[in-house]
Amino acid sequence: MTDPWRGDWQRLAGLALWGVLLGLLLDGIALGLLLVLSGYLAWHLYNMLRLVRWLRESKKFEPPEASGIWDHAFEQIFRLQQRNRKRKHNLRRLLKRFHKITVALPDATVELRPGSEEIEWWNNAAARYLGFHYPRDTGQRISNLIRYPQFLAYLHSGDWQREVEIPSPVNEDITLRVRVIPYSKNRRLLVARDVTRIQRLERTRQYFVANVSHELRSPLTVVTGYLETLLDSDDCAGQLGDQLRSMRSQTERMNRIVNDLMLLSRLESEDPQIDTAVVIVGSLIDTIADHARDLSGESEHRIRLEVDAQLCLMGHDSELYSAFSNLVFNAVRYTPAHGDILIRWEEAGGELVFSVTDTGMGIAPHHIPRLTERFYRVDTGRSRATGGTGLGLAIVKHVLLRHEGRLEIDSELGAGSTFACHFPLARKADCP
Ligand code: ADP
């Protein structure tokens, strides 16, 4: 039992004694006790009333003066209040700091109301890049303020893992990369970053690579022409002949690199919608398999096809040829003689899948994530010796990006590899 309680019991005992004495005076102990205890009860009620009034109305921070158990009660409530006030103060400070941080963020940040497209809040960068005005735009639907079709399609798609690029509604020269971030239960945050500079640099890089490749083409053609003429002439036997043949194979390699670089530049810069048509994948694979058998030559790889000839794909014929042939030719180049190569085209797992499986040298797991980088090779010597440019899988990646597809690589060192191109079912087409 705590001290205040003991004090109160003592007080009660004292009062009972006074009640008995008063009872003796009034000739009725019960009456005396009743009077004293009524007074005690009235004291409690009075203090309770003061407590309620203090909690509800008083602007005073300090609790009212009291005695006995009520002094203890007031003290405890006062301490609790102090703790709560401190916590509230800290929370308010934290909230203010967060608010200041989000306001100062260089990226436009917009908060949408729960489960709706209505705007709840935005920071200064959003006002600058998206042209929102306070209070006019509070509660407006974001789709009324940003009306670009690609943004609306993205907003309504529900697939917010990716980002979308749009011009700023206030300045078309500014490019914004927009991302919707779902959080809490049904809340969404929209973040837009100014990528104008990055995009400009990327475009400069693309122009540079495209121009250099283009400029290299003419001198290469001239050199190749002279080499052919010299090799055709009678007086280049012996060592000179070997040197000229080596020069020709190097110019051929350079030609392949230049062509691949030009193809990559085109894949990066052209609109993916251009020239989309029904691609008869079955006959595309037949052609690629014929070329693969030629490439295999004396190595005599066993090339098998498992092709659903009724399955066609909406896409670009020449691009798909580049992607699929790169995978098949790689299988030939990285599989020892007489190895097995299986080419498959099928509908599986709710997707359209083109895959090439070989029983070749395989790839160690740590190389796999980097294979689609330009000029990344596991074994540079072997790649060059077999006529590789180091750009094949980068081309595959870009072609698939333009076809909403993805590349999956499954490989075991020394056992073989499977390279699979997955396309969404929406790209399935009726074969003509
Ligand atoms: P490359 O012209 O060098 O073949 P790619 O971009 O086509 O360039 O391939 C990148 C690297 O991936 C290759 O250098 C090779 O090491 C590895 N690779 C690609 N396909 C296979 C395969 N089927 N088996 C083993 N390794 C492969």
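FYI, it's all coordinate maths here, none of it is from the lab. All figures in this text were calculated on a predicted structure; none of them were measured in a lab. As a convention, Cβ positions derive from the backbone with ideal geometry for all residues, glycine included, and neighbour counts pool all protein chains shown.
Odds and ends about this structure:
- Estimated 222 nm signal from helices in the chain, with DSSP H stretches of n ≥ 4 weighted -39500 (n - 2.57), rounded to 500: -18000 deg cm²/dmol
- Each 20 Å bin from zero up to the one holding the largest Cα-Cα distance in the chain carries the following percent of pairs: 17, 31, 21, 12, 11, 6, 1, 0.
- Rounded to the nearest 20 debye, the dipole magnitude of the chain is 3520 debye, with +1 charges on Lys and Arg beta carbons, -1 on Asp and Glu beta carbons, and the Cα centre as origin.
- Distance (nanometres) between label positions extended 7 Å along Cα→Cβ at Gln250 and Tyr376: 2.9
- 28 Å Cα cut-off, lysine pairs counted over the chain (separation 8 or more, or different chains): 14
- The separation of region 86-123 from region 299-323, counted between C-alpha centres, amounts to 53 Å.
- In this calculation the C-beta distance from Ile368 to Gln82 is compared with R0 = 60 Å, giving a FRET efficiency of 0.50.
- Extension gain, Ala13-Ser283: 0.36 nm per intervening residue step, less the Cα-Cα distance, totals 86.5 nm.
- Beta-bridge orientation, region 278-429: approximately 80 percent antiparallel, per DSSP, counting only bridges with both partners inside.
- Sorting the segments 212-222, 96-106 by their mean number of nearby beta carbons within 10 angstrom, highest to lowest, gives 212-222, 96-106.
- Spin-label pair Glu270/Arg136, simplified geometry with 7 Å Cα→Cβ offset, distance in nm: 4.4
- Calculated FRET value between Thr196 and Ser318, using beta carbons and R₀ = 35 Å, to 0.05: 0.60
- Furthest towards positive pole of dipole, Leu51, Gln76, Ile101, structure part region 24-106, Cβ charges: Ile101
- Absence of a disulfide-compatible partner, taken as no other cysteine beta carbon within less than 4.7 angstrom, is noted in the chain for Cys236, Cys421.
- Taking the DSSP bridge list for the chain and keeping only pairs wholly inside it, about 90 percent are antiparallel.
- Between helix 69-104 and the chain: long-axis angle, C-alpha atoms, 0 to 90°, nearest 10: 30
- Dipole moment magnitude, nearest 20 debye, region 287-410 about Cα centre, only Lys, Arg, Asp, Glu C-beta charged: 600
- In the chain, the longest principal axis of the Cα atoms and the axis of helix 238-269 are about 40 degrees apart.
- Rounded to 10°, Cα long-axis angle of helix 281-296 versus longest principal axis of the chain: 60
- Comparing mean-square fluctuations of Ala126, Ala66, Ala108 from a GNM of the chain with C-alpha springs under 10 Å, the top value falls on Ala66.
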